[in-house]
Amino acid sequence: MTLSTHRRLAASATLIAALAGGLAPTNAFAAPSSPDTAHTTTPAPDMEGVAGALKAAMGQGAPGAMARFTGPDGVEARTAGVRDRVSGAPMDTGARFRIGSVTKTFSSVVLLQLVDEGRLELDAPVNRYLPGVLPDDRITVRHLPTHRSGLADYTEAMFARTVPGFESVRNRVFSRQELLDLSLREPRAAPGVAYKYSNANFVLVGMLVERVTGKPVAHAYEHRVIRPLRLRNTSYVHPDTRVEGLHVRGYLHPDEAGAALVDSTEQTVSWAQAAGAVISDPADLNTFMTALMRGRLLSPRMLDAMITVTPTDTTNTRFYGLGLRRYDLSCGARVYGHTGTVQGYYTYAFATRDGRRSLSAMANTSNRGAANTALGGTLEAAFCGKKPAAARGARSVPVLPAETDLPERR
Ligand code: REY
């Protein structure tokens, strides 16, 4: 379905809602009574708290960090530290960076648009479209973006030793089949049974998109998401190694305590491709997540499918849909988006269900879980606002380690 068709649908649904109840929701498709919009007063973002979380990420070893919030009262951004340790250039919210697995949400959008166009069926076997590629016909298209295929995540072995692992793939160009073969070499779980995060799933999403469209995935991102939303600083870059334009340099923490950081900015990201090779900036990520939640990229049916989630841990506050996470925050706000980890960069990009508020945050380091967890503090501060004095220090939900896509958190 085209963007303009969605706009027309959105406009008519808004009109119907207005006629029916005098409501004028900004997102015609958002359920007005859903818990994420049920607050009668939307808390103002606690930008001091956001800045504190950025500082905390730096305290845990990030050279710099930044966050950009959009809400009913406009845009607020904060930066800390440097985007380049050699030049000393300060962190800059106009700078581009590697968004890692936030790429998965872009890939999922493209996949679901193709489903909507009748070119793919979510519950059909992957092998229907890619004959013989998988050893099990029970693995469906839906199992991929929900991480339920049972396919092993080959990156765990690849990056078991962080810096040697990274240096061995930094300049490599993998075919998708090579990546899939790495996964298939490892034991598989039964399809459809349990959530298990695996980059192999999104390598296959990329293969499906190329098979169905007959064009490289970059073309699909460009024509289906980037241009329609005018994301001027977003691109899928593979296998070029550079981050073009004003950008943040990424610094990887070696496993050995006290070892010097490794500048990991330049790499092919061929090990991730449709699972993690998009480059973007904070404003574009805000626009993307907001547009997604407002129904500008997917039909209501496909957006519903995407936000239909199951828990990913036992706290019942972390969930996964189709290429999309849901975090339930301490104040009851539900936010949808994704996290990203690619060498040298941690990213968060989330929005409320009605798309009225969004936050993107990044720190230019990785392999340092504590820095990622600290960066995740921007979410609570941005979406829950200042905690009442009595509640400060007495949290109603546990502080969870960052749920990015690292072996260290599995
Ligand atoms: C890869 C390891 C993490 C990163 C990953 N990223 O799967 C995808 C994502 C694209 O979900 C690396 N960790 C690090 C190690 C751990 O090497 N030994 O932290 O940079 O975003």
Residue that is nearest to Leu375 (Cα to Cα) [pool: residues in the stretch 29-74 that are open to solvent by 40 Å² or more (accessible area, probe 1.4 Å), at pLDDT below 95 and among the small types (Gly, Ala, Ser)]: Ala38
Identify, by number, the condition in (1) more than 16 Å from the ligand (Cβ to nearest atom); (2) surrounded by 21 or more Cβ atoms within 10 Å (Cβ to Cβ); (3) under 27 Å from His143 (Cβ atoms); (4) of a type in the set (S, T, N, Q) that Asn286 doesn't meet. (3)
Subset of the stretch 320-360, residues open to solvent by 10 Å² or more (accessible area, probe 1.4 Å) and either within 22 Å of Thr155 (Cα to Cα) or at pLDDT below 95 (or both), comes to Thr341, Gln343
With in contact (Cβ under 8 Å) with a residue 24 or more places away in the chain and either of a type in the set (A, V, I, L, M, F, W, C) or more than 14 Å from the ligand (Cβ to nearest atom) (or both) as the only criterion, which of Ala67, Ala124 stands out? Ala67
Odd one out for Ala190, checked against (1) out of contact with any Gly (no Cβ under 6 Å at 6 or more places or on another chain); (2) not in a helix (DSSP H, G or I): (1)
Report, by residue number, each residue of the stretch 147-185 that is open to solvent by 60 Å² or more (accessible area, probe 1.4 Å) and among the acidic types (Asp, Glu). Glu156, Glu167, Glu178, Asp181
With the structure loaded, tell me whether Asp255 is charged (D, E, K, R), touching a strand residue (DSSP E or B) at 6+ places or on another chain (Cβ under 9 Å) and surrounded by fewer than 21 Cβ atoms within 10 Å (Cβ to Cβ) or whether it fails that test. no
Tally of residues being away from the ligand (no atom under 16 Å from the Cβ) and open to solvent by less than 10 Å² (accessible area, probe 1.4 Å) across the stretch 361-378: 1
Being part of a helix (DSSP H, G or I) and within 23 Å of the chain's Cα centre (by Cα) is the filter here; which residues of the stretch 146-164 pass it? Thr155, Glu156, Ala157, Met158, Thr162
On the given criteria, is Ala381 modelled with pLDDT of 95 or more and more than 12 Å from the ligand (Cβ to nearest atom)? yes
Could you say which residue among Thr317, Thr265, Thr310 is within 16 Å of the ligand (Cβ to nearest atom), out of contact with any helix residue (DSSP H, G or I) (no Cβ under 8 Å at 6 or more places or on another chain) and in contact (Cβ under 8 Å) with a residue 24 or more places away in the chain? Thr265
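The values are calculated or read from the model by the stated rules, or taken from the named source; none is laboratory data. Every value quoted in this text rests on a predicted model; they were computed, and no experiment measured them. Glycine also receives a Cβ, built like all others from the backbone with ideal geometry; neighbour counts cover every protein chain displayed. Keep in mind that these areas ignore ligands, DNA and RNA; they rest on the heavy atoms of the full protein, side chains included. Shrake-Rupley method; radii C 1.70, N 1.55, O 1.52, S 1.80 Å.
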